[in-house]
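Just so you know, all these numbers are worked out from the coordinates, no wet-lab data involved. Please read all numbers here as calculations on a predicted model, not as lab measurements. Cβ atoms come from the backbone with ideal geometry, glycine included; neighbour counts cover every protein chain shown.
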Ligand SMILES: Cc1cc2nc3c(=O)[nH]c(=O)nc-3n(C[C@H](O)[C@H](O)[C@H](O)COP(=O)(O)O)c2cc1C
């Protein structure tokens, strides 16, 4: 069953710093490889001090990816914003797109109150120039 998983977390690095940017690059690169292998698609939304990620794929494939994400010490404070069955993928072409949020100044407490649908909308309205599109 095609499933969508949305969560927020707090990065253990500053995403806008040079080293934080490199760390994000590393995360996305290995995530893309894994996701492509398991037919997972999605997007990572980067705020000033928070992250949100939308992932979609078959439930049994998602389980493994979620376990890896939970175990990753480069972020903390994971909160599930949504988990639901899906008729059709929202990001079929992206093993993992990355975008900077227009709400990046929102504090993490507020972000953690947002719903899965809110993050889908954020990803949708993000300026396409900031999208990092995997080949
Ligand atoms: C913010 C964040 C997002 C991540 N997203 C994914 C993902 O979409 N897919 C995935 O397989 N792993 C994801 N990971 C997990 C890391 O990429 C994980 O460390 C890596 O898959 C494990 O790599 P290894 O098998 O080389 O140890 C994410 C980690 C973080 C911190």
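So how far apart, in nm, are the two label points at residue 77 and residue 26 if each is 7 Å from Cα heading toward Cβ?
For residue 77 paired with residue 26, the spin-label model returns 2.2 nm.
Whole Å is fine, so just give me how far the alpha carbon centre of the stretch 5-21 lies from that of the stretch 46-98.
Cα centroid of the stretch 5-21 versus Cα centroid of the stretch 46-98: 14 Å apart.
Please report 62, 103, 83 as a ranked list, fewest other C-beta atoms within 10 angstrom at the top and most at the bottom.
83, 103, 62
Given Cα pairs under 8 Å that are at least 6 residues apart, what percent is the relative contact order of the stretch 2-130?
Answer for the stretch 2-130 is 38 percent.
Label residue 1 and residue 16 with points 7 Å out from Cα along Cα→Cβ: what is the distance between them in nm?
4.1 nm
Taking every DSSP beta bridge with both residues inside the chain, roughly what % is antiparallel (nearest 5)?
DSSP beta bridges in the chain are roughly 85 percent antiparallel.
Rounded to the nearest angstrom and ordered from largest down, what semi-axes does the equivalent ellipsoid of the chain get from its C-alpha gyration tensor (root of 5λ)?
Details: eigenvalues 83, 53, 46 Å².
Semi-axes, largest first: 20, 16, 15 Å.
Per the helix-only calculation at 222 nm, which mean residue ellipticity applies to the chain, given -39500 (n - 2.57) for every DSSP H run of n ≥ 4 and division by its residues, nearest 500 deg cm²/dmol? Intermediate results must be reported in sequence, preceding the final value.
On the way: 4 runs with 47 residues, N = 135.
It lands at -10500 deg cm²/dmol.
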